[in-house]
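Each remark here refers to the structure printed beneath this line.
The values are calculated or read from the model by the stated rules, or taken from the named source; none is laboratory data. Small disclaimer: the values here were computed from a predicted structure and weren't measured. All Cβ positions, glycine included, derive from the backbone under ideal geometry; neighbour counts span all protein chains shown. These area figures cover heavy atoms from the full protein model, side chains too; ligands, DNA and RNA do not enter into them. Shrake-Rupley method; radii C 1.70, N 1.55, O 1.52, S 1.80 Å.
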Amino acid sequence: MGRVAELGWRATGRLVSIPPADDIPDGELLDLPGRGQTYVIDTGPVETACGNSVQPPPLFLLHALACTGLLTWYPALRELRQHYRVVLFDQRWHGQGIHSPRFTLEDCADDAAAVADALGIDRFVAVGYSMGSLVAQLTWRRHPRRLAGAVLCASTTRFPGSRNDPAALRVVSAGLAAAAKRRAAVVRAVRAQPPHCDRWDHNRWAFAQFRSTPGSGVAGAAAAISRFDSSAWIGGMDVPAAVVVTGRDRLISPARQHALARQIPHAAVYEIDAGHASCVLRAERFTPAVRSACASVAARAAAHEPR
């Protein structure tokens, strides 16, 4: 990269705080029979206290639009893997996820169940951020026996004005794609490279993760998101749940996030003073909240009988 590009990265580093991308576990491409391949990280079983053989349910971390599994979740991964078996993977059309002719959130939910099958995991807690939280809702809807609980972060039942209105659907999907594009605009000249200790290299790594999802993939996924509507059935969620509310969110209003929480029986609520990208840009606030939400759901899931 030239000197001008390097100066641009240094300016970006001063304006945007990217947590260090250290101690990231290795992943691999996993075959999902009849579906394709996706990049998966599985941290494996955790050590339990002496004499205690009971493992908490694994966490399946489901990522946001235009991100990869790592980009959404790497700031919280070190904390969560100390207490849980953690699985994260790239959703289809994102990063190294499944290449397919179509994108639907229903397929993404089925992919989550297929990853669990491939790893020999029966029941798990779906932990979703933004787009991933919609996939988590659908995972419960489509594979109820597989879910031990759900943690929904920066989530909603639907986007206002989009239901059964083609023009509104186009507006919402265009807005979602534009928001992702604005966040990724700085990556145009960036090459992917592994993380190092240098702060600017962390920025390059994070933005290269963003860049690994093509614009066409973002637009297609955004269109599917704009059609999502769980308002008619989310009230039936009968597994332990928690909702992490991003209190300064301009994409999904806090009011809509709280409305979702009220519809889910006995959902715990954790609100943070941060915006829609808080999983990375305000990780110091988001990580403690998602850790508490997972602990709440895991504790209740331990006594929750499968259907």
Sorted from largest down, give the three principal axis spans of the alpha carbons of segment 25-136, whole angstrom values. 50, 28, 24
Apply 1/(1 + (r/R0)^6) to the Cβ-Cβ distance of THR104 and GLN82, taking R0 = 35 Å, and write down the FRET efficiency to the nearest 0.05. 0.50
Heavy atoms of the protein only, probe of 1.4 Å, neighbouring chains included. What is the accessible area of ARG81 in Å², nearest 10? 80 Å²
Starting from segment 229-289, pick out the chymotrypsin sites (Phe, Trp or Tyr not before Pro) whose DSSP state is loop and whose Cβ has at most 14 other Cβ atoms within 10 Å. TRP233
Magnitude of the Cβ-charge dipole of segment 211-307, K/R +1 and D/E -1, about the Cα centre, nearest 20 debye? 200 debye
Using only C-alpha positions, report the orientation-averaged shadow area of the convex hull of segment 220-307, nm², one decimal. 6.7 nm²
If I take R0 = 35 Å and measure r between the Cβ atoms of TRP233 and GLU47 in this structure, what FRET efficiency does the formula 1/(1 + (r/R0)^6) give, to the nearest 0.05? 0.35
